[in-house]
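Below is one structure, written out as structure tokens; comments come after it.
The values are calculated or read from the model by the stated rules, or taken from the named source; none is laboratory data. For clarity, every value in this text was computed on a predicted model and none was experimentally measured. Cβ coordinates were reconstructed from backbone atoms using ideal geometry, including for glycine residues, and neighbour counts include every protein chain displayed. Remember, those area values only see protein heavy atoms, side chains included, never the ligands or the DNA or RNA. Shrake-Rupley method; radii C 1.70, N 1.55, O 1.52, S 1.80 Å.
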Amino acid sequence: MTLIYAGLSIGAVYALVAIGYNIVFIASHSFNFAQAQLMMIGAFVAYAGYVTFKLPLVAVLALAMVVVAAIAALEERIAIRPVSDHQTQLITTLGFGTVLTGVAQLIWGTQPKEVRVGVEPLSVLGGRTVPIEIALVVLAIALVVAINIYTRRRMGGLALVAMSQDEEAATLRGVDVRKLAFAAFAVTGLLAGLMGAVMAPRTFAITTLGTALALKGFVALAIGGFGSMWGGLIGGFTIGLVEQLVGRYLETRLDAHLSNLSIFVVLLLVLMIKPTGLFGRVQERTV
Amino acid sequence: MLALWAAVRKVPTWVFPAVVGLVVLVLPSLQPAYEVTRQIQLTLILALVVSGLNISLGYSGQLAIGQVAMYAAGAYTAGLLSSAGHTDLLLQIAAAGLAALVVGIVTGIPGLRLGSWSLAMTSFFLVLLVPDIVELFAEETGGHLGLATIMPPTIFGQALPDDAMYYVIAVVTIIWFAVFRNVVASRHGIAFQVLKQSPVLASSVGMSVFRTKLTGYAIGAVPAGFAGALLANLDLFVTPEAFSFHMATGTLAASILGGSVSVYGAIFGASVVEFGNNQSSSFAEYALVFFGAFLLIGGVLLRGGVAGLLRTGIRRLDRAAGIWPRPAPALAAGGDPATLPPIEGGALEVKDVAKAFGGNQALRGVSLRAEPGKVTALIGPNGSGKTTLLNLICGFYRRDTGTITVAGSSIDGASPHRIARLGVARTFQTPLIPPGVSVAEVVISGRYTSDRAGFLSAVLRSPKFRRVRRRDLARAEEVLSLVGLAHLFDIEAATLPLGQRRMLEVARALAREPKVLLLDEAASGLDEAEVETLATVIRRIRDAGCAVILVEHNFGLVLSLADHIVVLARGGVLAEGSPAEIESDVRVRDEYLGIVEPGDEPTDEGSATVPERTAR
């Protein structure tokens, strides 16, 4: 069971990345490669706030959210808005993400930074876990539920979905598309800051985190389908569990780092068998 | 000054890079410092990897960006061969190229079925996997400590002297760039750019999207393999750390900085990135920031990279010196610009075709026949099924029932590019013109599959290739004169106004002498004079023998041009006949033209009452 908890909690992290991808995808039909790097910055800010400046927990979370939201807003302005086609957007967001990684390296160096939240391990249902692991899973599920409610029941959310379906029509109905896309991006940053801060105790704050999360988060997205929140959640949990199980049972036997390979195999399987993902409402552009 | 420029431009452009290549070869005799030769060697190796990226990303427009994984595959293949005793360098280079080819094609497979993001992420993921795979086979590859059992290279059994690697690297790079340049500066380069612009366009001119993409991945992978083999033999050591994500980002940055759609831009970008890499370790900390900045700036501002800037600058100087655009080529003696040589047209027969999208029955039992040497017009209100029918004929949709034949051959289940090769050509509502190619090149792209010259003959510039090229240019002149664009032969096609781009599409469609020509709302957006020109051109095409199908909203144009009109409404054929018959058909007026005045006499037989309606 300990394995299951570990798998679910790291899976929640991947799911959080996928959620971030999904929000941006729903809002502006673009793919933000820097999503995971934004979360990484959130983790580092949490480290700075909690360990370096010894701020209280709530202040740390708030700080992470605000800082990353500001960075995300900057990214929208310089890497997404000026660029119209999607191929180039991948490159500019990759560039922005790389800059973030580079800056993080300059400020905090390349060693992992531990964010010790100092809580005792628990024993739940026969497996050992730490509260932060439970918090991650709860956060991921809560966010998905909240976002689904927002996009279905609230005007802002409906406007967002309308915008992603047909930008022109949305504009004609009075939706300020630019502002909404910008706001969506800033909110993604807010959430990324929160997610990064919460995941820091589990994953540590390391600069190499960004890329691995970006790629595995994409696998979660591919499994669940572009644009589907629940899909991203399920996808994330799936690969988290696969990673842990492979690590425990196969790696010790073959003495090699197989978890990445296993996730890659999952990615290939999904792309070959069901390219739109389990719940994909939106087909990824093929032309 | 400009006269000097004009003189310089008379020299063929390949001479300048050739001179640079010569300088590189001759450099060691000047006894430069070790750092300089090492820098050059590393730059050339990186340039090979970046050139692969330019082919798949820049020219083909595919986000197949995992070249570093192929680089690793090449390096380890060469290293393992050497460790096993096969020290022949040429063998290693060939094997490395092959290994990279396999990796490139396998990782390209997601891109064949899916879109750019999946392809990009899959190829990046592969880069992430390199250390894991190396570790998995640690016994053979030395794991993360690196492969140190590589033996010094030999060629044909002779051991290479110490400084000979420099020459080997330089020669391989020069040869590869010559091949690269010969491929992209030929009809194959245009074909890649057509694919990049739109796979739909590529299919409609007869290109198999599948094969062209695969070719792009393959050619993009091979140089990375060569680079790997060269690296392995340069340092006699291969470690997985050389193939990190950091390296992949650097390669991408080099490609974007130099200009993805360029040949020599790869060398420039590689030299900048390698220069940065070799600076002091404090610079290395800033490396990521710089790479990221290159990507950002390159993507947002410097579209086309340094090569793009250079090209614009060269064009400006050419224009100022009066040597560009070149005057329209002289017509062959005896050729009349106003007529087209005869085309063997074919009849298009649509029998009882139906198509439904979910619950929406777009076409119900439609039949029509378009004869060669005649203009058949297809008109009807929006939503009547015209576009669906067009897309069915071109193969982009599958029909539910019925048959469609072109010159007697059924197009049953054929893919769009096969149908195009059967002789069906079309234009698009919004002209699909790739950027960065000239008007003549757009027309030439239309004949890419009707007159073939393979990659090998393009690389070697064989006599067959030259013959095909002459035919390409001759046909381009011919059809461009017909549509009145001959004076724009060299102009960049994407800069033309709408009316001229429409005519250019017609010219491209004619390039391969189609049996059937489908014109999709070719007159929309044109002013009166342009519509007149279009009508004249269509008449000439008809007189040459082609079967012309005109999908139009401009009723006046249809009346003056068509030999036979088919009116579609709500998925079925409402009426068909000659222009005179259709013009006076009450049902057509009712459904499509809208105005039925109360005083009009019903001219149609059997119509009991003529309802009063206001104009729609």
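Before moving on, here are some points about what is shown:
- Top positive-direction residue, dipole computed over chain A with Cβ charges, set A:VAL45, A:ASN32, A:ALA62: A:ALA62
- Extending 7 Å from Cα along the Cβ direction at B:ARG38 and again at B:LEU301 yields two label points whose distance is 3.4 nm.
- When the helices of the protein assembly as shown are scored as -39500 (n - 2.57) per DSSP H run of n ≥ 4 and the total is divided over every residue, the value at 222 nm lands at -19000 deg cm²/dmol.
- Put a dot 7 Å past the Cα of B:PHE455, heading toward its Cβ, do the same for B:ALA178, and the two dots end up 1.9 nm apart.
- Using alpha-carbon coordinates, inclination of helix B:187-197 to the longest axis of chain B, degrees: 70 degrees
- Among residues other than B:GLY79 with Cβ under 12 Å from its Cβ, the summed charge is -2 (Lys and Arg +1, Asp and Glu -1).
- Magnitude of the charge dipole for region B:348-607, about its Cα centre and with charges confined to Cβ atoms of Lys, Arg (+1) and Asp, Glu (-1), is about 2120 debye.
- Protein heavy-atom surface of the protein assembly as shown, 1.4 angstrom probe: 62% of the accessible area is carbon and sulfur, with nucleic acids and ligands not counted.
- Dipole of chain B [Lys/Arg +1, Asp/Glu -1 at C-beta], most positive-end residue of B:ALA164, B:ALA522, B:SER415: B:ALA164
- Placed amide H near B:ALA575: partners under 5 Å, 5+ positions off or other chain: B:VAL567
- Residue-averaged beta-carbon neighbours from other chains (10 angstrom radius) around B:558-568: 0
- Amide H contacts of B:SER438 (H built 1.01 Å from N, under 5 Å, at least 5 apart or other chain): B:ALA493
- Neighbourhood charge, 12 Å Cβ-Cβ cut-off, centred on B:SER208 and excluding it, Lys, Arg +1 and Asp, Glu -1: +4
- Gyration tensor verdict on region B:1-71 (Cα atoms; rounded if a/c is under 1.5, prolate if a/b is larger than b/c, oblate otherwise): oblate
- Using the average count of surrounding beta-carbon atoms within 10 Å as a protection proxy, the listed peptides A:3-10, B:380-387, B:308-315 rank, highest first, as A:3-10, B:380-387, B:308-315.
- Per-pair calculated FRET efficiency, R0 = 45 Å: B:GLN158 and B:LEU112 via Cβ, rounded to 0.05: 0.55
- Region A:13-210, relative contact order in percent, only Cα pairs under 8 angstrom and at least six apart counted: 44 percent
- With protein chains left intact and a 1.4 Å probe, residues in the protein assembly as shown average 42 Å² of accessible area per residue.
- Rounded to whole Hz, the Karplus (6.51, -1.76, 1.60) HN-Hα couplings of region B:103-108, x for glycine and proline: 4, x, 5, 4, 6, x
- Sequentially through region B:500-510, phi angles give Karplus couplings (6.51, -1.76, 1.60; θ = phi - 60°) of 6, 5, 4, 4, 5, 4, 4, 4, 4, 5, 6 Hz, Gly and Pro residues having no value and appearing as x.
- Rounded to the nearest 20, the size of the Cβ-charge dipole of chain B about its Cα centre is 1220 debye, with Lys and Arg at +1 and Asp and Glu at -1.
- Under 17 Å of direct C-alpha separation, and excluding same-chain neighbours fewer than eight residues apart, B:LYS355 reaches these lysines: B:LYS386.
- Residues of region A:190-234 that bury at least 30 Å² of accessible area once all protein chains are present, compared with their chain alone (1.4 Å probe, heavy atoms only, ligands and nucleic acids left out), are A:THR211, A:LEU215, A:PHE218.
- Spin-label model distance (nm) - B:ARG9 vs B:LEU30, 7 Å beyond Cα toward Cβ: 3.0 nm
- Global geometry of the protein assembly as shown, whether rounded, prolate or oblate, following the gyration tensor of its Cα atoms and the 1.5 cut on a/c: oblate
- Calculated FRET efficiency for the pair B:SER578/B:ASP352, C-beta based, R₀ 22 Å, to 0.05: 0.45
- Residue-level accessible surface for B:ARG113, protein heavy atoms, 1.4 Å, Å²: 130 Å²
- Positions from region A:78-98 whose accessible area shrinks by 50 Å² or more when the full protein complex is built, not the chain alone, probe 1.4 Å: A:GLN87, A:LEU90, A:ILE91, A:LEU94, A:THR98
- Averaged over B:128-140, number of beta-carbon atoms from partner chains that fall within 10 Å: 3
- Of all lysines in the structure, those lying under 18 Å Cα to Cα from A:LYS274, and not within fewer than 8 positions of it along the same chain, are A:LYS216.
- Per-residue HN-Hα couplings for region B:56-71 [Karplus 6.51, -1.76, 1.60; θ = phi - 60°; Hz; x = Gly/Pro]: 7, 8, x, 7, 8, x, 9, 7, 8, 10, x, 3, 4, 5, 6, 4
- Proximity of backbone amide H atoms, modeled 1.01 Å from N, is registered between B:ALA362 and B:LYS355, B:ALA356, B:PHE357 at under 5 Å, excluding neighbours fewer than 5 places apart on the same chain.
- Between B and A, roughly 4100 Å² of accessible area is buried in total, ligands, DNA and RNA not counted and the probe set to 1.4 Å.
- Since only B:LEU119, B:LEU574, A:THR110 are under comparison, the one whose Cα sits farthest along the positive direction of the charge dipole of the protein assembly as shown, derived from C-beta charges on Lys, Arg, Asp and Glu, is A:THR110.
- Within 10 Å of each Cβ in B:284-295, the average number of Cβ atoms from other chains: 6
- Interface residues, region A:258-274 - accessible area loss of 10 Å² or more versus chain alone, probe 1.4 Å: A:LEU258, A:ASN260, A:LEU261, A:PHE264, A:LEU267, A:LEU268, A:LEU271, A:MET272
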